[in-house]
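The values are calculated or read from the model by the stated rules, or taken from the named source; none is laboratory data. Predicted, not measured: the structure shown is a model, and the values here were computed from it. Neighbour counts are summed over all protein chains in view; Cβ atoms, including those assigned to glycine, are modelled from backbone coordinates with ideal geometry.
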Amino acid sequence: MARTRTNAGEGRCVVTVGVAGERDYRELSGPVKQLPKVNTKPLRRGRLFGLRAGQLVATQVAAVAVAVGAVNGPIGLVAGAVVALAVLGLTWLRLRGRWAFEWLGVGLRFGGRRHSATLAGGPTALLQFLAPGARVEQTDLAGDPSAVLIDGHGLTAVLELGDPAGLLAEETPDLPSPASLLPSAEAEVPPVLIQLLLTGAPAPSLRAGAGTPANSYRQLTEGRLLGHSRALLAVRVLRAEGWSEEELRRALSGLVRKLVRRLSAVPARPLGEAAALRVIAELAHDDGAGSAHESWPGLRVGGLAQTTFRLRRWPDLRVETSRRLVSRMLTLPSAATTVSLTAGPQAAHGPTPIDVTVRLAAPEPGSLGTATQALRKLLAAEHAGAQRLDGEHVQGLFATLPLGGRPSAVPGLALDGVQPAEQLEGLHLQVGVSGLMLGRNRHGNPVVARLFRPEQTRALVVGGVRCAQLVALRAMALGARVVVQTARPRAWEPFVRGAAVPGESIAVVPPGRPIEIAPGSALHPLLVVVDIGPVGADNRPGDGWQATLVVRDEFSAADIDVASRADLLILQPLRPEEATLVGGALGLGEVAQWMTRIRPDMVGVVNRRAVRWAALAYTPIEAQLIGPPGR
């Protein structure tokens with residue numbers, strides 16, 4: 001059957017940014033790799049000498065209005081002049097980087113849509129707010145049950161990159177540009193969009209403020225680690241003439257299968273229906289209880305204010321710091337930063353368009369104002385620029401969720417200023433190491449554990465209260481709430497007084513008392529410390545973004561069941577008999593005996609697949625608050 005392919009080679013480079021904080025990000029090291037000169041000016045379509053054809057026509061209309069008015073006498077001349085001034089004002093007046101007629105279009109679209117939605121109905125409520133009529137279905141893609149988002153523009157599948165549930169975080173390779181993952185223009189497939197989505201939360205978090213945990217963790221990491229990060233890839237096939245719904249599904253399945261093979265260096269797996277909806281909610285910071293509300297200068301979802309910007313000028317990627325611009329954006333001191341790059345559709349002739357969108361969120365408008373300054377400072381240092389998407393923040397939110405993007409990233413905008421995908425060649429796309437820093441290895445590199453992840457984490461500390469307090473203090477720097485269930489409250493009281501963050505007290509409860517706590521989230525996880533002596537293994541299902549930390553001063557036969565079922569063990573120097581028991585429970589063999597020979601300030605970090613050694617690297621604040629690191 002003959003098919004006609006839509007040739008959509010026109011698009012728009014967009015960056016959506018929500019921000020918070022101020023920091024100097026210029027200090028990056030590494031050799032500067034010389035890249036070929038790239039034309040960084042956007043391609044102008046439908047323009048004459050940089051002017052739109054419509055502007056020239058409008059000017060002619062204004063002249064005609066004056067001429068017609070002059071023929072009809074003084075009153076007609078005045079009326080014609082008024083009309084001409086109005087037309088010329090809308091045509092040639094430029095405000096904050098846009099023409100007046102563009103602002104008029106934005107205002108009309110803003111006034112014509114709803115601005116609030118209740119999110120109590122779950123992630124589907126947010127989806128209906130952003131894309132009315134969209135739905136998520138479970139289907140089979142590349143041999144696995146997967147979710148497919150269906151709307152009026154096309155079908156979208158979402159792939160998780162890397163292993164967000166992995167307990168020991170390590171450096172990941174650079175991710176490919178989404179433009180390089182597009183099928184060729186000659187391929188018999190419908191028009192395709194590829195969206196790469198990177199999100200990160202800085203550490204210490206904004207929630208930790210300037211309290212003791214944040215100051216201590218800043219000394220420990222020097223602000224080089226993220227508290228949380230994630231990478232997603234959305235594959236979107238667009239509706240086009242000659243392609244039925246079933247053919248679109250088959251094309252999407254084939255594309256997903258090929259992309260999984262091409263991304264062999266980075267694990268990629270399609271998300272199911274429940275996982276896809278959960279990821280959409282998490283990235284939008286939807287707490288499922290509040291509402292989403294859009295205003296002209298920004299929007300609020302759940303408990304976070306968010307705002308969006310468009311990148312007007314892209315930096316020169318021959319400069320090393322410019323090539324790392326995306327990863328540097330992820331470290332902006334906001335509650336969370338999301339960067340989206342959407343490429344496509346592939347053009348048979350001419351450049352492939354690329355859209356870049358960044359969204360940052362903060363607890364309050366004041367933090368966003370500070371963050372906006374930090375963003376502008378970062379971009380200005382690289383000779384780039386961004387414009388806030390006033391009146392269009394809902395479209396910016398859509399563009400920074402794994403929904404595959406739209407054929408035009410911001411609907412209603414003129415398709416001029418196309419940014420060619422080749423302009424992003426050489427851009428480093430890497431999430432970076434994220435999680436809780438436990439210490440440093442023998443090379444001085446951070447040893448990082450994902451104590452908080454999309455599924456529950458059960459951890460065991462063997463060594464005593466001081467080591468557990470160290471973990472709790474560093475978890476608080478990531479924005480975690482801490483609940484301590486202990487039979488020795490006096491051992492915790494000094495720590496609780498010294499570590500408490502304003503507005504975030506540490507709850508201390510006695511054994512046996514039921515605990516009713518709100519579930520954790522990616523930006524506000526939950527740590528429950530159990531310090532009540534020997535306990536049985538907890539096999540009850542738990543929510544994600546929650547960790548249970550069992551504390552044991554000594555390891556005995558009564559702890560074997562807990563150790564064998566734990567996701568993560570943090571072991572201070574063991575006695576020979578303890579090492580024998582631990583080695584037998586975990587199948588460590590001779591490695592278990594090494595636990596008896598490590599220094600007092602070291603720990604062994606064990607999960608079901610690996611063992612890492614870390615020096616705890618106490619900060620002066622930790623040493624004063626907690627005391628020496630030994631057992």
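For the stretch 485-515, give me each residue that is touching a residue at least 24 places away in the same chain (Cβ under 8 Å), closer than 26 Å to residue 453 by Cβ and either part of a loop (DSSP other than H, G, I, E, B) or out of contact with any strand residue (DSSP E or B) (no Cβ under 8 Å at 6 or more places or on another chain) (or both).
Scanning the stretch 485-515 gives 495, 499, 500, 501, 506, 515.
Can you work out which of the residues in the stretch 575-613 that are among the polar types (S, T, N, Q) and touching an Asp or Glu at 6+ places or on another chain (Cβ under 9 Å) is farthest from residue 447 (Cα to Cα)?
Just the residues of the stretch 575-613 that are among the polar types (S, T, N, Q), to begin with: 580, 593, 596, 607.
Now restrict to residues that are touching an Asp or Glu at 6+ places or on another chain (Cβ under 9 Å): 596, 607.
Numbers: 596: 20, 607: 13 Å.
Among residues in the stretch 575-613 that are among the polar types (S, T, N, Q) and touching an Asp or Glu at 6+ places or on another chain (Cβ under 9 Å), the one farthest from residue 447 (Cα to Cα) is 596.
Sort through 283, 317 and tell me the only one that's of a type outside the set (S, T, N, Q), touching a Ser or Thr at 6+ places or on another chain (Cβ under 9 Å), under 29 Å from residue 477 (Cα atoms) and outside any strand (DSSP E or B). Break it down stepwise before answering.
Working: 317 fails: under 29 Å from residue 477 (Cα atoms).
Just one listed residue meets the conditions, 283.
Within the stretch 155-177, restricting attention to residues that are among the hydroxyl-bearing types (Ser, Thr, Tyr) and not in a strand (DSSP E or B), which residue is surrounded by the most Cβ atoms within 10 Å (Cβ to Cβ)? Let's see the steps before the verdict.
Kept after step one, since they are among the hydroxyl-bearing types (Ser, Thr, Tyr), are these residues of the stretch 155-177: 156, 172, 177.
Those still in the list that are not in a strand (DSSP E or B) too: 172, 177.
Numbers: 172: 18, 177: 20.
The residue in question is 177.
State yes or no: is residue 501 among the aliphatic types (A, V, I, L, M), modelled with pLDDT of 90 or more and in the same structural domain as residue 601 (by TED's automatic domain parsing)? Step through it out loud before you land on a result.
Numbers: among the aliphatic types (A, V, I, L, M): yes; modelled with pLDDT of 90 or more: no; in the same structural domain as residue 601 (by TED's automatic domain parsing): yes.
It is false that residue 501 is among the aliphatic types (A, V, I, L, M), modelled with pLDDT of 90 or more and in the same structural domain as residue 601 (by TED's automatic domain parsing).
Kindly indicate whether any position in the stretch 456-466 is of a type in the set (Val, Ile, Thr), closer than 30 Å to residue 233 by Cβ and buried (at least 17 other Cβ atoms within 10 Å of the Cβ). Can you show your working first?
Let us first name the residues in the stretch 456-466 that are of a type in the set (Val, Ile, Thr), namely 457, 461-462, 465.
Filter again for closer than 30 Å to residue 233 by Cβ, leaving 457.
This time we only want the ones that are buried (at least 17 other Cβ atoms within 10 Å of the Cβ), so: 457.
Yes: one or more hits.
Can you tell me which condition residue 253 does not meet? The list is (1) closer than 30 Å to residue 433 by Cα; (2) part of a helix (DSSP H, G or I); (3) of a type in the set (S, T, N, Q), and all the others hold.
(1) is the only condition that residue 253 fails.
Identify all residues within the stretch 222-240 that are in contact with a Pro (Cβ under 7 Å, 6 or more places away or on another chain) and not small (Gly, Ala, Ser); write none if there are none.
225, 226, 230, 232, 237, 238
Residue 323 - would you say it is surrounded by fewer than 16 Cβ atoms within 10 Å (Cβ to Cβ) and more than 17 Å from the chain's Cα centre (by Cα)?
Numbers: surrounded by fewer than 16 Cβ atoms within 10 Å (Cβ to Cβ): no; more than 17 Å from the chain's Cα centre (by Cα): yes.
It is false that residue 323 is surrounded by fewer than 16 Cβ atoms within 10 Å (Cβ to Cβ) and more than 17 Å from the chain's Cα centre (by Cα).
Every residue, every condition in (1) buried (at least 20 other Cβ atoms within 10 Å of the Cβ); (2) of a type in the set (Asp, Glu); (3) under 29 Å from the mean Cα position of the chain (by Cα), yes or no:
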| position | (1), (2), (3) |
| --- | --- |
| 585 | yes, no, no |
| 590 | no, yes, no |
| 595 | yes, no, no |
| 609 | no, no, yes |
| 624 | no, no, no |
| 628 | no, no, no |
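Counting just the residues of the stretch 348-388 that are of a type in the set (Gly, Ala, Ser) and surrounded by 20 or more Cβ atoms within 10 Å (Cβ to Cβ), which one comes out farthest from residue 522 (Cα to Cα)?
Quick first cut of the stretch 348-388, residues of a type in the set (Gly, Ala, Ser) only: 348, 350, 361-362, 366-367, 369, 371, 374, 380-381, 384-386.
The next check asks that each one be surrounded by 20 or more Cβ atoms within 10 Å (Cβ to Cβ); those that pass are 361-362, 367, 371, 374, 386.
Numbers: 361: 13, 362: 14, 367: 19, 371: 20, 374: 23, 386: 28 Å.
Here the answer is 386.
Among the aliphatic types (A, V, I, L, M), outside any helix (DSSP H, G or I) and under 16 Å from the mean Cα position of the chain (by Cα): does that describe residue 289?
Considered against the rule, which asks whether it is among the aliphatic types (A, V, I, L, M), outside any helix (DSSP H, G or I) and under 16 Å from the mean Cα position of the chain (by Cα), residue 289 comes out as no.
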